[in-house]
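Engineer: Here it is, the structure in full.
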């Protein structure tokens, strides 16, 4: 339980005087390109409530952009991360490893879809995870092209801006972008010309035709898609679309990547959104909700694909930081407990 009362309380104008003062200080020293939706400065947060510097308590609908899925300052996250802070804050896993990184990889192997042998590599952000998924797919297939979809969002680095469909605010004025990225239609049911009932098979056929004719399936290293699109509109691809694209990838030796950075870790009622239609991706990228607010990301996938990159080809100074790994184990502990409770409630006789 959090010590912060789970109730809305408004004491001042929004933003209040202390937040306005901090906003003045921010304007003087923080780059204008770093925007904020609401100029309210947080003092503390717990569960689903943020308390600002003026004492107002606001319902946290933003959840740190899909991050604090287990609530802000969740007990297990704080407990495990605090214990790790007391032991050591950093060594770099590539220099001298530690158990937390291995434990997170073990949990990901268990929780992600599919019963095949899996391995993981840990990073700092979702964009890093997507970039490394592309690196791994290219190393495995010895191909170059990457296929993405209309309305998709995959990050703000140069390669992930190229993968992202939305110009403003993510891409405008920041090009040129990485080459060998190809975009095809997604099954957007509500806007499909012949109706949502036809969107899945028709969009899949159109996408596959474009890939085959304009790129060549034999040139495609990876197909990357969010099973639930989150930035170009919250779009659930029409039924049948994801299975058809996944099958096309499998038949043509293409690595199918599920970008579950926003949709993963119980945000859709299941551990991962791709489980809704029984999709088992070759690689799955995770971040955001994985660590209860601490910066961590992962690529998890088939062991033979993950092992395609040469030793030293994957990593980063802070990737899989021990404190973030501890937070992830706390978030997963909380989610396991919640899902077990829901299963017990559903199994009770009425």
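Laboratory data are not the source of any read-out in this text; all were calculated from the coordinates shown. Remember, predicted model here, so these are calculated numbers, not experimental data. All Cβ positions, even for glycine, are placed from backbone atoms using ideal geometry, and neighbour counts span all protein chains on display.
Engineer: What ranking do 320-327, 84-91 get when scored by the average of other Cβ atoms within 10 Å per residue, highest first?
Structural biologist: Details: 320-327: 26.2, 84-91: 12.0.
Highest to lowest by the protection proxy: 320-327, 84-91.
Engineer: Please build a GNM for the chain, connecting alpha carbons under 10 Å apart, and tell me which residue among 282, 115, 150 fluctuates the most.
Structural biologist: Comparing 282, 115, 150 in a Gaussian network model of the chain, the most mobile one is 115.
Engineer: Any chance you could run the full-extension gain for residue 304 through residue 177? It's 0.36 nm times the residue separation minus the Cα-Cα distance, nm to one decimal. Before the final figure, lay out each step's value.
Structural biologist: Values: separation 127, 0.36 × 127 = 45.72 nm, distance 2.99 nm.
Residue separation times 0.36 nm, minus the Cα-Cα distance, leaves 42.7 nm.
Engineer: So what are the three principal axis dimensions of region 1-61 from its Cα atoms, in whole Å, longest to shortest?
Structural biologist: In descending order, the Cα extents are 37, 21, 16 Å.
Engineer: Label residue 198 and residue 213 with points 7 Å out from Cα along Cα→Cβ: what is the distance between them in nm?
Structural biologist: Here the modelled spin labels are 1.8 nm apart.
Engineer: List residues of region 278-292, by number, whose backbone nitrogen lies under 18 Å from a label position 7 Å along Cα→C-beta of residue 119.
Structural biologist: 282-286
Engineer: Just grab the label-to-label distance for residue 91 and residue 59, each label 7 Å out from Cα along the Cβ direction, in nm (one decimal).
Structural biologist: 4.6
Engineer: Can you tell me which of 29-39, 212-222 comes out highest on packing, and rank the rest after it, using the mean Cβ neighbours within 10 Å? Spell out each step's value before the answer.
Structural biologist: Working: 29-39: 8.3, 212-222: 16.8.
Packing order, densest peptide first, comes out as 212-222, 29-39.
Engineer: Still on this structure, I have one more. When the helix-only estimate is applied to the chain (DSSP H runs of n ≥ 4, each -39,500 (n - 2.57), divided by the residue count), what is the mean residue ellipticity at 222 nm, nearest 500 deg cm²/dmol?
Structural biologist: On the way: 10 runs with 121 residues, N = 350.
About -11000 deg cm²/dmol.
Engineer: Can you tell me which of 316, 289, 100 moves the most in a GNM of the chain? Springs connect C-alpha atoms under 10 Å apart.
Structural biologist: 316
Engineer: Based on the Cβ-Cβ distance from residue 22 to residue 144, what FRET efficiency comes out when R0 is 56 Å, to the nearest 0.05? Please list the in-between numbers first.
Structural biologist: Details: r = 47 Å, r/R0 = 0.84.
After rounding to 0.05, the efficiency reads 0.75.
Engineer: Along its principal axes, what span do the Cα atoms of the chain show, with the longest given first and each in whole Å?
Structural biologist: Per principal axis, max minus min of the Cα coordinates gives 60, 57, 45 Å.
Engineer: For residue 9, project a label point 7 Å along Cα to C-beta. Then give me every residue of region 37-80 with its amide nitrogen under 19 Å of that point.
Structural biologist: 40-61, 72-73
Engineer: Rank 130, 78, 53 by mean-square fluctuation in a GNM of the chain with C-alpha springs under 10 angstrom and give only the top-ranked residue.
Structural biologist: Looking only at 130, 78, 53, the largest GNM fluctuation is found for 53.
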